[in-house]
Amino acid sequence: MGTAKQRALPRSQIWSWVAMGGPLALLLVLFLVYPVGQLLLLSIHNDSGFTLAQYRQLFASSVYVDVLLITLKISLVTTLVCVVTGYPIAYLISVVGKERKATLLFWVLLSFWTSFLVRAFAWIVLLGRNGVINKLLLSLGIISSPASLLYNFGSVLVGMVNALLPLAVLTMLSVMENIDRNLPRAAATLGARSGMAFWKIYFPLSLPGVAAAGIMVFVTAIGFFIVPALLGGRRETMITQLIIDQIQQTMNWGFAGAISVLLLFVVLIVFAAYDRLLGLSTMTGVATAPKSKPSRLSEPIAKVGDVLLTLLGTISDAIISLLPSRRRGRNPDQPGFGLQAFAWTMLLIISLPTILMIPLSFGKGGLNWPPQGFTLHWYETVLASPVWTQALLRSLMVGVGTGLLAMLIGTPAAFLLVRSNIPGKGAWLAFILSPIVVPRMIIAVGLFYVFANIGLVGSAFGLILGHTVVAVPYVVMTMMAVLRNYDTRLDHAASSLGARPFATLRHVTFPILGAGMMSSFLFAFATSFDELTIALFATGGLNATLPKQFWDEVTLQVSPVIAAVSTCLFIFMGLLIFTAERLRRRAAAR
Amino acid sequence: MVSSSLRILELSKRYGDFVALAPTSLDVAKGEFLTLLGPSGSGKTTLLSLIAGLAHPDEGQILVDDADVTHSPAYDRDIGVVFQNYALFPHMTVEDNIAFPLKMRKVSDAEARRRTMEALETVRLPHVAKRFPRELSGGQQQRIALARCIVYRPAIILMDEPLGALDKKLRDQMQLEIKRIHRELRATIIYVTHDQEEAMTMSDRICLMNAGAIEQLGTPEDLYFRPRSMFVADFLGESNLLSATVRDVDAEGLDIVLADQAAPSRAVGNGSSFAAGEPIKIMVRPQNLHVVTAAADSGGLTGRLVDVMISGSLTRLYIAPETSGMPQLVAAYPTRSGSPPHEIGQLVSLGWNPADAVAIRDGGGH
Ligand SMILES: Nc1ncnc2c1ncn2[C@@H]1O[C@H](COP(=O)(O)OP(=O)(O)OP(=O)(O)O)[C@@H](O)[C@H]1O
Ligand SMILES: [Mg+2]
């Protein structure tokens, strides 16, 4: 059967490929490749034909290069901090028992799903002149007058780390969960002390996760503008902010295109380097054992690495043996107190600002700490304002639309990639995942240009299309993972038991895939619900989505109304995660 | 080569409310080969993990050569473990896996290489040294796990179903290999298996576990011929269990009477104490149950032949006793043409040597 297929592809098969993969390919060509291509063209083209004027201007002064360097610096430091502090958290989550894992994961997920805007805004309030930190330092007598904690490198870094730490933790966790817990134990019986067992066994196995987290965080960070715009000063301007300025202030498409090319170039270099070193396949974070690592890393490098890890192991063990011995009577599987304290402190730091927003939103005293009195005034203001309610409705509508559309065209594509023998699967996958790699801002500006030409600016439909482009890779990835784990023998069993194809689909396939489809719908919904970059240009005024409205308000003034909106969003997300988790558990218990 | 004795005192382990191991005591002599046998979930792996220091007991003590190691970490115990699912390090070659314990013990590189190759020869896989674990078959991985354990000659070796994934032939080979390693290293070995035949052939003693507790501990003969409970009789090999009542107990055995039978008969004890009047079970192994064509009214126990099955060297006869309520019985004979009777439906009379009838306390099983 297989050989017959290889010799001549039946026409019907090609048609089924087109039917399953066509819509997604069309979407990406029309709303990713074409707009981005347009933008890049604009950068080398003006009324009189080919020109490099934009690039000359870009490198004429050191201004833009400096911004690029600052962007790289912020992104690198953010990545480093996220990976280094996220590692122990992910490790802890992967080793603790079921109950505590659920608790820890809830806080990571809550932070992950809370809008970047809400979290950045919370830090503005927290670090402000009358914020909690200043008040605390004053009352402790450490400082005598409020320090200015905002609009510097430190505040940007705090905001960036807060924004991206959950992503780093979740990425590393996906790899750590697949590491066989018997391996460190086996190392212990073979004579390795805990430090050695960690550095020589656990750590190398967790490296693909570290690498995947590193690149995910870096690529997201390099395209960030919310945090530097809200928490940074002039010296923390990042490159995407320049693109926004070019579009919003001067409508200079050509120059925006040139900056985009620069940004894209940097991102591609990073990916190429990553691929050379580790292979892009590790990015999906599935491989427990690095498939081709030993052959890729040349012998001497591997040797040096081994010596280094042995050294780290020896040092750790020496330090552990110096510590007062608490080992007696301790369960060898229990994580240490230091690790737990660290992880909880980090989780507290990333969750606390948003939580402190809650009492402030009910206070009469504005955003000054401590909150005074109790009022529902700010909530009433929000509800009475058509701008906010319109924005909420629009966001919900666009979110649901995006979720449905992304599922509708993403799921068949996932089936195609997992189940069929379509040629060039790797290339297809790379193409489908490209919306994650290309900085969001470039897609947004390109889409704005194309939409402006065909009159889709400001329309919900245009927004749904744009959001689907950025959400669909997650849907495809989730569904592919689900389908890979799905045992096709179940389908065969069903049909051998007399179920016709449709009945099999309805009674066996979908009920089992249901959880995966639900979670990819939610993921797409949440992506859209929190999306600002595309909405930044494509909407405005009464057309604004919630994030866009939030952004317009927060860049205008920092008011308690925003605290009320933040609180609503935060609690909405908390409930959503809680219910989703409950549903998932009930499904698992069945 | 050193070997150590192991003593376990009232060791117990709970997971939440679930008792994975009830307080258990066990003595293993230097150089002994002890097998843990028992149904799935009976606590075998749990007991091994506690001994190895991979899990922490709730109560009790573990002594190696009379030194208390209950609280010492796994890496200090010098107890080797062959894991149920191999636990080979996926990022290291076979060679590096096997050399790992030597490196941890700071053995020189040259010496480590020599001993690694030696261990690979022992498990007959010298050609896979440079491969990664995922490039090996399940059985080969298992043998590498064995090699990694014996390479540093631990004083006590724990093996959790080390031959589970092997086919019959390789399994037989590896059993011999393990026995040879045991003789040569004179290590103390605690071995887990599901396979009762394997347990019988390899062990000095068998420890039969059930529901987190030791059901019976003794030599293979002990367990087979003098089971303490119906669970043991049932678990090890085939058995016929007949209800009876104790009449009298004397030095040599018991006077009993079978249920629904008038004639008295004799049985031997199994080490438990019995009281007159107590209801018991009598166990007769199939090979000890004699079946002869019955005369019309021979008296005694009779039954009808319901099935005859020839399985290789043994022929099994299945008999439905005439006495109502008595379960179906099985007798086994070496396969030969002619005798014994094997016409289905035929009336047969059943008997056994009193020395082959073992008394077991009723309800002894769980
Ligand atoms: N970490 C754990 N948490 C909760 N229960 C556990 C845990 N580990 C083991 N158990 C339970 O303890 C009991 C004994 O498990 P154990 O692994 O010792 O069985 P086993 O005799 O080795 O079985 P098998 O022959 O199937 O390997 C089982 O019922 C198991 O479900
Ligand atoms: Mg087990």
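Nothing in this text is a laboratory measurement; each read-out follows from the coordinates by a stated rule. All figures in this text were calculated on a predicted structure; none of them were measured in a lab. Please note: Cβ atoms are built from the backbone with ideal geometry, for glycine as well, and neighbour counts cover all protein chains shown.
Observations on the structure shown:
- Cα shape, the range B:244-313, gyration tensor, a/c 1.5 rule: oblate
- Each of A:Pro501, A:Ser528, A:Val29 was scored by the projection of its Cα onto the charge dipole of chain A, and the greatest displacement toward the positive side belongs to A:Pro501; charges sit on the C-beta of Lys, Arg, Asp and Glu.
- Report note on the peptides A:546-557, B:62-73, A:212-223: ranked by the mean count of other C-beta atoms within 10 Å, highest first, their order is A:212-223, A:546-557, B:62-73.
- FRET efficiency, 1/(1 + (r/R0)^6) with R0 56 Å, evaluated for B:Lys106 and A:Lys135 via beta carbons: 0.50
- On Cα atoms only, tilt of B:168-185 relative to the major axis of chain B in degrees: 60 degrees
- Directionally averaged shadow of the range B:97-140, computed from the convex hull of its alpha-carbon atoms, nm²: 3.2 nm²
- With 10 Å bins beginning at zero, the pair-distance distribution over Cα atoms of the range B:6-230 amounts to 8, 33, 36, 19, 4, 0 %.
- Computed helical MRE - 222 nm, the protein assembly as shown, DSSP H runs ≥ 4 contributing -39500 (n - 2.57), nearest 500: -17500 deg cm²/dmol
- For the residue pairs B:Lys130/B:Lys168; A:Lys364/A:Lys548; A:Lys73/A:Lys548; A:Lys303/B:Lys179, alpha carbon separations beyond 31 Å are given by A:Lys303/B:Lys179.
- Dipole size of the range B:231-361 about its Cα centre, with +1 on Lys/Arg Cβ and -1 on Asp/Glu Cβ: approximately 280 debye, rounded to the nearest 20.
- Of the peptides B:129-137, B:204-212, the order by per-residue mean of other Cβ atoms within 10 Å, starting with the highest, comes out as B:204-212, B:129-137.
- Taken over the Cα atoms of the range B:231-361, the convex hull encloses 112 Å³ per residue.
- Mean partner shielding of peptide B:81-90, defined as the number of other chain Cβ atoms within 10 Å of each residue Cβ, is 6.
- Protection proxy ranking of A:52-65, A:71-84 - average other beta-carbon atoms within 10 Å, highest first: A:71-84, A:52-65
- Options B:Ala211, A:Leu117, A:Leu483, ranked by Cα towards positive dipole end of the protein assembly as shown, top entry (Cβ charges): A:Leu117
- Look at the stretch B:69-75: the mean tally of other chain Cβ atoms within 10 Å of its residues' Cβ atoms is 6.
- Cα-centred dipole magnitude for the range B:6-230, charges only on beta-carbon of K, R (+1) and D, E (-1), debye, nearest 20: 760 debye
- Principal-axis analysis of the Cα atoms of chain B puts helix B:138-150 at an angle of about 70° to the longest axis.
- Kirkwood hydrodynamic radius (C-alpha pairs) into Stokes-Einstein, the protein assembly as shown, 37 °C and 0.692 mPa s, D in µm²/s: 98 µm²/s
- Projecting the Cα atoms of A:Ala53, A:Leu136, A:Pro208 onto the charge dipole of chain A, computed from C-beta unit charges around the Cα centre, puts A:Pro208 farthest toward the positive end.
- Rounded to whole numbers, the Karplus 3J(HN,Hα) couplings from phi for the range A:215-222 are 6, 4, 5, 4, 5, 5, 5, 5 Hz, using 6.51 cos²θ - 1.76 cosθ + 1.60 with θ = phi - 60°, and x at Gly and Pro.
- Inter-chain Cβ neighbour count for A:192-203, averaged per residue, equals 3 (cutoff 10 Å, partner chain atoms only).
- Whole-angstrom gap from the range B:19-68 to the range A:253-280, using each part's C-alpha centre: 58 Å
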